[in-house]
Every structure is written in C-alpha cells, then in structure tokens.
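Below is one structure, written out as structure tokens; comments come after it.
The values are calculated or read from the model by the stated rules, or taken from the named source; none is laboratory data. Predicted model, so just to flag it, every value in this text is computed and none were measured. Counting neighbours? That spans all protein chains shown, and the Cβs are built from the backbone with ideal geometry, glycine included. To get the accessible areas, we keep the full protein, side chains included, count just its heavy atoms, and leave off ligands, DNA and RNA. Shrake-Rupley method; radii C 1.70, N 1.55, O 1.52, S 1.80 Å.
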Amino acid sequence: MSSHEHLPLELDSSFLNTSTIIALCVFFALLCACIIIGHLLEENRWANESITALLLGLCAGGVVFLIRKGASSHLLKFSEDLFFLYLLPPIIFNAGFQVKKKRFFKNFSTILLFGIFGTVISFCIISLGVFWIFRKIGVKSLSLKDHLAIGAIMSATDSVCTLQVLSQDETPFLYSIVFGEGVVNDATSIVLFNSVQTLDFHNIDGLTVLNLIGTFLYLLFTSTALGIAVGLLSAFIIKTLYFGRHSTDREFALMILMAYLSYLLAELLNLSGILTVFFCGIVMSHYTWHNVTESSRITTKHAFATMSFIAETFIFLYVGMDALDIDKWRESKASAGTSAAVSSTLFALVLVGRAAFVFPIANILNCVQKRESSKIHFKQQVIVWWAGLMRGAVTIALSYSQFASYTRKSPESALMITSTIIVVLFSTIVCGSVTKPLIEAVLLRHGKPMVSDFTDNVSLEDLRVQLLESGDPSNSNNNQPARRASSLRLLISHPTTTVHYFWRKFDDRFMRPMFGGRGFVPFVPSTPTGAADESSSA
C-alpha cells in the first residue's frame, strides 16, 4: 500500500496517510478484542491474556498475509525502536512503582543471585552450546561475537504468563522471587548484550574477560544510581515546588515525564534503561507518591497500571503478527530440518541453562538459610525453573538488533531471527498454557496453603528490643546500665531485618525530612492538613 495515498476531504497525506490510519485501527481493534477475550477466558485452565494476545496476533497476521497475497506489509515488521522506546519503559516503571517493596527487598539477595549470577551462568552455557553445536548443524558463518550475543539474547526470560497465574496473597514468597528475578534478568541480559557489543574481538587477550566483567558492573551500578537520583529529584521538586498549591494534572505529568526522562537519559548515556526506570519507579513510590494529594495518588496508581497493561498486550500482539512477516523466512533459505534443528538446540540450551543455576543456587541458599519459610523447597524450585523458560519480546528485539542490520543481510542471520521467533512462540504458547495446571498440581493450590514467608520473621520491634536488651535479665532491677546487643552479631543472625531496621532509622532521620515520603501530608488549601496517610503502597 502506497504511503502517499490521499485521504478524503483533501487532507494532506504528508501528516495523515491511509496506511498509518489503517495500522492504528487494526491494532486498536485487536487490543479491544484481546481485553474482551482475555476477560472471558480469565478462569480458563489453559489460557491467559498473554497467550490470547499472541494467538490473536498470529491470526491477524495471517489475515494480512492473505490480503496482501503473500507480499510483505509494514504491519508485520517488528521495530526495535518502537519496542525499546515506547512499549518497554511503562511496563518496567510500573513494575517498580507497584512492587511490594518490603517483600522485594526482604528477598533481595535471592533475587540478585537468580537474576544476575544465574543469568550469567545461563549466558555462558548457551554461548558455549551454540558455539559447539551450531557448527555440527551447519551454521558456520557466525562470529564469536554472534555466539556471545545469542547467549545474552536467549537468557532474557519473560515471566508474564507465570505472574498472571501466581497470587501475591497465596504465595507471596514465590511471587516475589519470580517477579524480582524476571525484572533483574531482563536488565542483566540487556546489559550483557550491550557489554558484548562494546568489546573488540579482533584482539582477544587475557583482559577481554575482565573488560566484559568491568563493563557489566559499570552499567549495573551506574544505571541503578541514575534511576535513584532521578526518583529523588522528582520527590524533592514536587515536595518543594507544589507545597501549598497542588495540581493533579501537573503532579501526574511531572511524575510520568521524569520517569520517562530517566529511561531516555540512561539510553543516551549507553546505560541500562530497564534498571534505571525500574529503580526510579521504586524511589517514586517510596517518596514522590506520598508527596502528592490523594486524588493524584489514585490517578497515578491506576494510570501507570493501565499503561503497563496496554503495552504488555500490544507487545504480545506485535510479536504474533511479526511471526507472519514472510521476508525473514524467505531470506533464511533454510530447510525445515535445519530450522527445526537450530530452534530445538536453542530451546534445549535454554532448558539446560535454566536448570544449571536454579536448582544449585536454591539448594545452596537452603543450606545457608536458618528459617524454614525462607527456604526454596523443591516444588517451588520447579516453578521458578518453569517460569523462566518462556521467552518474549525482549528476546526478539535483541535478536533483531544483532542480526537485522542492513550490513548483516545473510541467510544465517535471517535464520537466527526466525529461529528466535519459533522459540518465543513455542515457549509462550506451549509452556504458558501448561503453567496454570502445573502450578495447581505442584503447589496443590486447593490443598493446604504453604507457610507464609513472614510467619517466623523477626519483626522490627523484636529487633529493637534485642538491640537494647540487657545481657543478664537478673540485672534489670539494678542500677547498672543495659548493655546493647552487638549490631554485628544481629547483622549475622538476622541480616535482612537488621539492614531494614537501620535503613528505617536513616530514612526517618535524613531522607524523609528532605524528600518527603510516607507520613508527609501535603498541605492543600481548604482541606484538613491532618489527612489520613495511605500506607497501602509500602
């Protein structure tokens, strides 16, 4: 379809063209259909909104393919810029903004081990596997950089299907692990991918690995610091600038613009936008959100969740329609056997790479953890392993970024893209449809509920008592001063709770007076200044 077809009423096609309007109509109609069908299938054992959107995208792509009589259409072409600049940021920001911070940081060490160390293990296994197996299959033109890039590409998980089934109330510990690892995993995979792109593989020496590790750590910490800085800046601006004369429109606009600005700044500085906008969301929910009026809190909470939901649905539609772009399949020139062999190899390596770190790390943590509720039992390990098998839009976007450039036009580059699409479709549809029955069978959803992860956790009040308690109860009536318990001893015995306790003291004394936060009541003319504080987001 020509991009310069004139519209009725003599509108200039330079800014409104028929193809663009048709594309928007198609996607908006499909989004409405996804929401309706997803609602009707909400209680279905084998389907969820992600699978529904993906299948609907496949059907829509098939219709477009038939209408175009086998010719390519811009509707079916995946755009990395559209994905990374417009669709991904609202999803990641809302994940940080809505996260249950207490649960997330309580399991932070476990999440980091799975999300960072585990992803690196998976990256190494997949990279070595494709380097060794692809040559035997007949794929020989890929460089060392390509093999490492494939390792980073296939390490990016998509746990959306699992999170749609898991319940934060029924399985808070497991949900926290799967959710946290999913976000950190995506960020780690992209950081690894960007680190690989910066290395010079023409002069490989002993410093190459050290450069890769150094680049990875640099991107990790600087991206996180940037997100925290922008989040604190937004809290300080709103607390200072709008004190006494709040406006819901301005507060919401400032929050969403600064959140998006943090992502763009990270990309501009060649950092990880995912990590930046995620931690910006966490900081905004802890400080900025409490500095605005009640109407602004309700507006932002629901608006961010809605934008994230629409973006997620759009992505699965987008991936489904992209699978019917015939140009990629023609360019690969691979036989059905070769394509099946490459795709099977990639998915098998995903299975092995996932199992290689989930079960060992979980069992090591079980040996270290003293509390029973903090241990990851075998049934939970199976769910964590299964949740990370699905691949999604991040995988496809990275694959396009590596193999779809104009300088990389080759059959084997196209084969890598089509094989990635096959892995994404298979893992999402097949593994995703089995997720709900698997969770119900493994966790015995309708049986006895599992022990909560907070039942035997040492409370902050208990820790406060331990910090001030006397070493000998018999001395309680004497005039001898009470001996404070050793902070180092408490840190060793209750590390998470102790860190949380001292962070709360630091936060209450230094951070909240400057940046606001929970307990801060914004003054609004003609309203009571003692409005009740909402603590549901804490």
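Going through the cross-link list LYS100/LYS379; LYS379/LYS436; LYS333/LYS409; LYS106/LYS239, which pairs have a Cα-Cα distance over 21 Å in this structure? Checking Cα-Cα distances, LYS100/LYS379; LYS106/LYS239 exceed 21 Å. Between SER344 and TRP503, the FRET efficiency estimated from the beta carbon spacing at R0 = 56 angstrom works out to 0.75.
Relative contact order, whole percent, for the range 100-256 stands at 25, derived from Cα pairs under 8 Å and 6 or more residues apart. Bridging of LYS101 to lysines at a Cα separation below 20 Å is possible for LYS301, LYS375, LYS505, once same-chain residues fewer than 8 apart are set aside. Taking 0.36 nm per residue of separation and subtracting the Cα-Cα distance, full extension of the segment from VAL430 to ILE36 would add 139.6 nm. Each residue of the range 115-120 was assigned a 3J(HN,Hα) from its phi angle through the Karplus curve 6.51 cos²θ - 1.76 cosθ + 1.60 (θ = phi - 60°); the sequence is x, 9, 4, x, 5, 5 Hz, with glycine and proline shown as x. Using the 1.4 Å probe convention, the accessible area of the range 36-81 works out to 58 Å² per residue with neighbouring protein chains retained. Got a number for carbon plus sulfur as a percent of the range 356-441's accessible area, 1.4 Å probe? Looking at the range 356-441 in its full context, I get 68 percent from C and S.
Per-residue Karplus couplings for the range 134-143, computed as 6.51 cos²θ - 1.76 cosθ + 1.60 with θ equal to phi - 60°, are listed in order as 4, 5, 6, 6, x, 8, 10, 8, 6, 8 Hz, Gly and Pro entered as x.
Solvent-free Debye calculation, one equal scatterer per alpha-carbon of the range 80-444: log10 I(q)/I(0) at 0.08, 0.10 Å⁻¹ equals -0.41, -0.64.
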